[in-house]
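Following: one structure in structure tokens, then a few remarks.
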Amino acid sequence: MNQLRAQEPIPITTPSIINDQDAEPTSGIKDIEGTTDEERVNAIYDKLVKARGDYRFQIPEVFAQ
């Protein structure tokens, strides 16, 4: 007669972060060279909105005080 056995747990791991010193940065100072402070703030805000990815609600506008 066969006995039922619980499966052995599968270890959960995360992939290591690749650190390539020669790789071009995906964003950085080159993205904002020659831009105004307002353009920089808008670029950063747009990236934050995209990273969040939730477009169910209207996205608040950025405004200067």
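Below, the figures for the structure above:
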item: Subset of segment 1-54 that is among the β-branched types (Val, Ile, Thr) and not in a loop (DSSP other than H, G, I, E, B) - its residue that is modelled with the highest pLDDT; result: Val49
item: First in segment 45-64 and within 21 Å of Ile32 (Cβ to Cβ), second anywhere and in a loop (DSSP other than H, G, I, E, B), Cβ under 8 Å, 6 or more apart; result: Tyr45/Val62; Lys47/Ser27; Val49/Ile59
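The values are calculated or read from the model by the stated rules, or taken from the named source; none is laboratory data. None of the values given here were measured: they were computed from a predicted structure. Cβ atoms come from the backbone with ideal geometry, glycine included; neighbour counts cover every protein chain shown.
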